[in-house]
1. What are the residue pairs meeting all of these: first residue in segment 131-145, first residue in contact (Cβ under 8 Å) with a residue 40 or more places away in the chain, second residue surrounded by 12 or more Cβ atoms within 10 Å (Cβ to Cβ) and part of a helix (DSSP H, G or I), Cβ atoms under 7 Å, and 6 or more apart or on different chains?
2. Could you tell me which residue of segment 65-84 is surrounded by the fewest Cβ atoms within 10 Å (Cβ to Cβ), considering only residues that are under 19 Å from the mean Cα position of the chain (by Cα) and part of a loop (DSSP other than H, G, I, E, B)?
3. For segment 207-232, enumerate the residues that are farther than 17 Å from T162 by Cβ and part of a strand (DSSP E or B).
4. So which residues in segment 113-141 are in contact with a His (Cβ under 9 Å, 6 or more places away or on another chain) and not in a loop (DSSP other than H, G, I, E, B), if there are any at all?
5. Here is a list of conditions, (1) in contact (Cβ under 8 Å) with a residue 24 or more places away in the chain; (2) in a loop (DSSP other than H, G, I, E, B); (3) over 26 Å from S232 (Cα atoms), and I60 meets all of them except one; can you say which number that is?
6. In this structure, does K53 turn out to be among the basic types (K, R) and out of contact with any strand residue (DSSP E or B) (no Cβ under 7 Å at 6 or more places or on another chain)?
7. Among the residues of segment 66-79, which ones are free of Cβ contacts under 8 Å to residues at least 24 places away in the same chain and under 19 Å from S119 (Cα atoms)?
8. For segment 35-56, name all the residues that are hydroxyl-bearing (S, T, Y) and either more than 10 Å from the ligand (Cβ to nearest atom) or touching a residue at least 12 places away in the same chain (Cβ under 8 Å) (or both).
Amino acid sequence: MTLVNMNSIMNIFKKYILGFYELFYPNLCVACETHLLNQEKLICTKCLYNLPKTNYHKEIDNPVSQLFWGRTKIEYATAYYFFNKGSKYQDMMHKFKYNGLKEIGFELGKSFGSQIKESVFNQVDIIIPVPLHPKKLKKRGYNQSDWLAMGLSESLEKQIDTNILIRAVATDTQTRKSRFERWKNVENIFRITNPEMLEGKHILLVDDVVTTGSTLEACANVIMEIKNTKVSIAALAVA
Ligand SMILES: [Zn+2]
């Protein structure tokens, strides 16, 4: 047996064994896989501390807010950390989005919320996660942005609404599309079920990863059709 074959077998083995291990021994850090201390939940203190944070909440003009310049009027925009390919945090994001470990979003959301609590983000009235299409929701079982929003809601002490903004049409994956194609792909797919409830409110839109901002832009636009609304944005990571 060649070394390459052996390695891929080992990888498959590791994946399944680790999968089982996580199921029965959930007290390992989801990023570095060391044992968690009693007060730690899912992510160890060291990994949370070392998360490559952007600190964009401290500057009104930052690379995330600049994504929306000339496109739509966003009050404040930030992302918690830099999404780096191949890092242990990419793995953690994968577990959060696809492997059912939705509670990661809650823990990171709480931590994110306490970071931005003493900033302009404290001015928001209501937190709304970017919705998944019902079909995708059914397949995945949860909307990862809901969990993030719940964590943010807990530390910011702001209410959350997961029913008011809905996604009307399924879209293709955004990954292989240009910025314009991405925007065309999500334009007009969001609807507001109960516009009166948002009148005069400052809404914090929440998403997992911000790349071009097209999805968030489409959500913001449909919200801002309602009288006297303001929109700010908080993404977990910026690509
Ligand atoms: Zn760790």
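1. Going by the 7 Å Cβ cut-off, the qualifying pairs are Q144/F96; Q144/K97; Q144/G105.
2. N84
3. The answer is V209, V210, K230, S232.
4. The answer is Q115, I116, V120, F121, Q123, I126.
5. Of everything listed in (1) in contact (Cβ under 8 Å) with a residue 24 or more places away in the chain; (2) in a loop (DSSP other than H, G, I, E, B); (3) over 26 Å from S232 (Cα atoms), I60 misses just condition (3).
6. For K53, the condition - among the basic types (K, R) and out of contact with any strand residue (DSSP E or B) (no Cβ under 7 Å at 6 or more places or on another chain) - is not met.
7. Q66 - this is the single residue of segment 66-79 that is free of Cβ contacts under 8 Å to residues at least 24 places away in the same chain and under 19 Å from S119 (Cα atoms).
8. Correct list: T54, Y56.
The values are calculated or read from the model by the stated rules, or taken from the named source; none is laboratory data. For clarity, every value in this text was computed on a predicted model and none was experimentally measured. Note that each Cβ is placed from the backbone with ideal geometry, even for glycine, and that neighbours are counted across all protein chains shown.
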